[in-house]
Amino acid sequence: MSREFEGQVVVVTGGSRGIGRAIVERFAAQGAKVYFTFHQNAEAAAQVAAATQAEAIQCSQNDAEAINAAVEKIIAASGKIDVLVNNAGITADTFLMLMPAEDWNRVIDTNLNGVYRWCKAVTRPMLGARRGNIINLASIAGLVGVMGQTNYAASKGALLAFTRALAAELGAKNIRVNSVVPGFIETDMSARVPRQIKQKNLDHIVQKRFGKPEEIASVVTFLASEGASYIMGQSIVVDGGLTATAA
């Protein structure tokens, strides 16, 4: 594997498991100095850190002060942030009529407001450097209707619009903003999706399989690379063809 990101500083939110872990591993393998956040699973975070030489930072998506402190810590240690990958997210699935207000608010605050907090925190140092790269992890739930995920779909659909608007704001300053839109990927989160919903979607996936975290990580690192230098404000769907066949 090439060392394309040698000398670059990459921050990945939610990097201890699933897609986030695969992203940390891929950036680290390509030479980047990687920092990643985790919320509660210190054991998993320690395993990732040991395997990749990345640095784990315990930080909640819901705590603006903790996020600002994390960014200040990274800048103090490494002098810059070249790439921010907003991966951290949660689900709290149920039908809308049964959904407690706290589940709606918690998903929106983590998945959408958390991205706002991180982007706001890194924008100033990136503007000062006149370069940077922000990649947001959305979901096909923001593109197609998935029953029982109104809160998650709302957060991810809004994130697609947020990506376009932020790209328009920052593009002239040489800061690229894009999003990756995974379909059904083999992670702990997707394992909690009811079997009948997974099977229904599997029937519509052209490749007839769920994706792997590594397949998302490869697209993320591509978007952060010089090979993607003219891609701005785009949402790259990686779903095995699921949305290609959606009615």
Could you check which residue among Arg17, Arg164, Arg124 shows the biggest mean-square fluctuation in a GNM of the chain with a 10 Å Cα cutoff?
Arg124
If you roll a 1.4 Å probe over the heavy atoms of the protein chains, what accessible area per residue do you get for the stretch 77-232, in Å²?
48
Normalised by the number of residues in the stretch 34-77, what is the relative contact order in percent for Cα pairs under 8 Å and 6+ residues apart?
37
Gaussian network model of the chain, Cα within-10 Å springs - most flexible of Ala56, Ala70, Ala46
Ala46
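Which order do you get for Tyr35, Tyr230 if you rank them by accessible area with a 1.4 Å probe, largest at the top? Intermediate values should be presented prior to the final figure.
On the way: Tyr35 5, Tyr230 220 Å².
Most to least solvent-accessible, the answer reads Tyr230, Tyr35.
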What angle do you read, to the nearest 10 degrees and between 0 and 90, between the alpha-carbon axis of helix 18-29 and the longest principal axis of the chain?
30
How high is the relative contact order of the stretch 142-247, in percent, counting Cα pairs under 8 Å that sit 6 or more residues apart?
35
Express the C-alpha Rg of the stretch 143-247 as a ratio against the empirical globular expectation 2.2 N^0.38 Å, rounded to two decimals.
1.17
Trp104 - accessible surface, heavy atoms, 1.4 Å probe, Å² rounded to 10
90
Per GNM of the chain with C-alpha springs under 10 angstrom, the most fluctuating residue out of Gly18, Gly183, Gly145 is Gly145
If contacts are Cα pairs under 8 angstrom and at least 6 residues apart, what is the relative contact order of the chain in percent?
19
For Ala66 paired with Arg124, estimate the spin-label separation in nm (one decimal), with each label point 7 Å from Cα along the Cα-to-Cβ line.
2.1
If amide H atoms are modeled at 1.01 Å from N in the peptide plane, then the residues at a separation of 5 or more from Leu84, or on another chain, having amide H under 5 Å from its own are Val11, Asn133, Ile134, Ile135
Can you give the convex hull volume per residue for the Cα atoms of the chain, as a whole number of Å³?
124
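What number results when the radius of gyration of the stretch 73-130, computed over Cα atoms, is divided by 2.2 N^0.38 Å? Display every interim value, and only then the final one.
Values: Rg = 15.9 Å, N = 58, 2.2 N^0.38 = 10.3 Å.
Here the answer is 1.54, to two decimals.
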Give me the mean projected area, in nm² to one decimal, of the convex hull enclosing the Cα positions of the stretch 50-151.
8.0
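With +1 assigned to the C-beta of every Lys and Arg and -1 to the C-beta of every Asp and Glu, and no other charges, what is the dipole magnitude of the stretch 70-157 about the Cα centre in debye, to the nearest 20? The partial results should precede the final answer.
Numbers: 9 positive and 6 negative charges, 114 e Å.
Dipole of the stretch 70-157, to the nearest 20 debye: 540 debye.
Let me have the 222 nm mean residue ellipticity of the chain computed from DSSP H runs of 4+ only, each contributing -39500 (n - 2.57), with the sum over all residues rounded to the nearest 500.
Values: 9 runs with 107 residues, N = 247.
Here the helix-only value at 222 nm equals -13500 deg cm²/dmol.
The values are calculated or read from the model by the stated rules, or taken from the named source; none is laboratory data. Keep in mind it's a predicted model, so treat the numbers as computed, not measured. All Cβ positions, even for glycine, are placed from backbone atoms using ideal geometry, and neighbour counts span all protein chains on display. SASA here: full protein model, heavy atoms, side chains in, ligands and nucleic acids out. Shrake-Rupley method; radii C 1.70, N 1.55, O 1.52, S 1.80 Å.
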